[in-house]
1. Report those helices (runs of 4 or more DSSP H) wholly inside the range 9-122 carrying at least 1 residues which are modelled with pLDDT of 90 or more.
2. Can you tell me which residue is farthest from residue 45 (Cα to Cα) among those in the range 64-87 that are small (Gly, Ala, Ser) and buried (at least 17 other Cβ atoms within 10 Å of the Cβ)?
3. If you check every pair at least six apart or on different chains, which have Cβ atoms under 7 Å apart with a residue in the range 39-58 that is closer than 19 Å to residue 5 by Cβ first and a residue that is of a type in the set (Phe, Trp, Tyr) and at pLDDT below 90 second?
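The values are calculated or read from the model by the stated rules, or taken from the named source; none is laboratory data. The structure presented is a predicted model; accordingly, all values stated were derived computationally and were not measured. Here the Cβ positions follow ideal geometry from the backbone for every residue, glycine too, while neighbour counts run over all protein chains shown.
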Amino acid sequence: MSKRNVVAVSAFTLVSVFSSIAMASDGGASASSGLWIYFGIAIACGLAIGIAAFGTGLGMGNAINGAMQGVSRNPEAGGRIFTMLILGLALIESLCIYALLVCFLMIFKIPAAEEILKLFGA
């Protein structure tokens, strides 16, 4: 297995583990377990956005590289290549926006500070 595949599989595993911890609910059995759920949400969102931004950055870089090579080889096709490039970049960027949307949905599960303090009885 190549190094890139190992990194991709481990990143997917980490995000899956943290998001499953975040979505788990123990019915409020103890204060510390409730706090770990919020910690898992925060870590999962940070990792998801970081991985999504990294992946879309690589994808956009490869797309722009291909478009520049195509235009340098055939300058007459520059207009068509540019149109396809913009369409491709929009589709690539939508993947990062979907990750951001999922993170917003998860972040809004974290309660206000007053509710977290109630968990500890303060």
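1. 31-73, 78-107
2. Selected residue: 70.
3. That search, which allows pairs on different chains as well, returns 47/18.
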